[in-house]
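Right, one structure below, let's go through it.
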Amino acid sequence: MNDSEFAARADAALTSIEAGLEASGADLDFSMVSEGVLEIEFSDGAKIIVNRHAAAQEIWVAARSGGRHFRWDGENWLDTRDSGELMAVLSALLSDKTGVAINLT
């Protein structure tokens, strides 16, 4: 995948995450704080950061529980450690943190 294809796929994923957060109605704030960096903040001040990492061609998720890296496999963004799918993993992290079922898939 070339750099422009990566950027397009990563941006589409970030846009999808934003739409899912908006639709969730959960008690959280989110904003694109810079190009390719989505910050999700919870009522207790905790944050989850989702960003595209062009050099590695990955989407990175940083949370208190740890960092995860997701790479495009031709169909999905999969965790480089355990093959978890980005939207499912992020849905679980958000649901655990808010206590509200959030489904980004």
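Bear in mind these aren't lab numbers, they're just calculated from the coordinates by the rules spelled out. These numbers were taken from a predicted model, which means no experiment stands behind them. As a convention, Cβ positions derive from the backbone with ideal geometry for all residues, glycine included, and neighbour counts pool all protein chains shown.
Modelled spin labels at Phe42 and Asp3, positioned 7 Å past Cα toward Cβ, are 3.7 nm from each other.
Binning the C-alpha pair distances of the chain at 10 Å intervals from 0 yields a P(r) profile of 15, 53, 28, 4 %, listed from the shortest bin outward.
I'd like the orientation of helix 86-98 relative to the chain: the angle between its Cα long axis and the longest Cα principal axis, in ° from 0 to 90, rounded to 10. For 86-98 against the chain, the angle is about 20 degrees.
With respect to the chain, whose longest principal axis is taken over its alpha-carbon atoms, helix 3-24 is tilted by about 20°. Helical content of the chain, expressed as a calculated mean residue ellipticity at 222 nm, amounts to -11000 deg cm²/dmol (DSSP H runs of 4 or more residues, -39,500 (n - 2.57) each, divided by residue number, nearest 500). Amide H contacts of Trp72: Leu78, each under 5 Å away and 5 or more positions distant or on a separate chain (H built 1.01 Å from N in the peptide plane; Pro and chain starts excluded). Can you pull out the trypsin sites (Lys or Arg not before Pro) in region 37-101 whose DSSP state is coil and whose Cβ has at most 15 other Cβ atoms within 10 Å? Filter output for region 37-101: Arg64, Arg81.
Across the chain, the longest piece that holds none of the GluC sites (Glu not before Pro) lying in DSSP loops with up to 14 other C-beta atoms within 10 Å covers 36-74.
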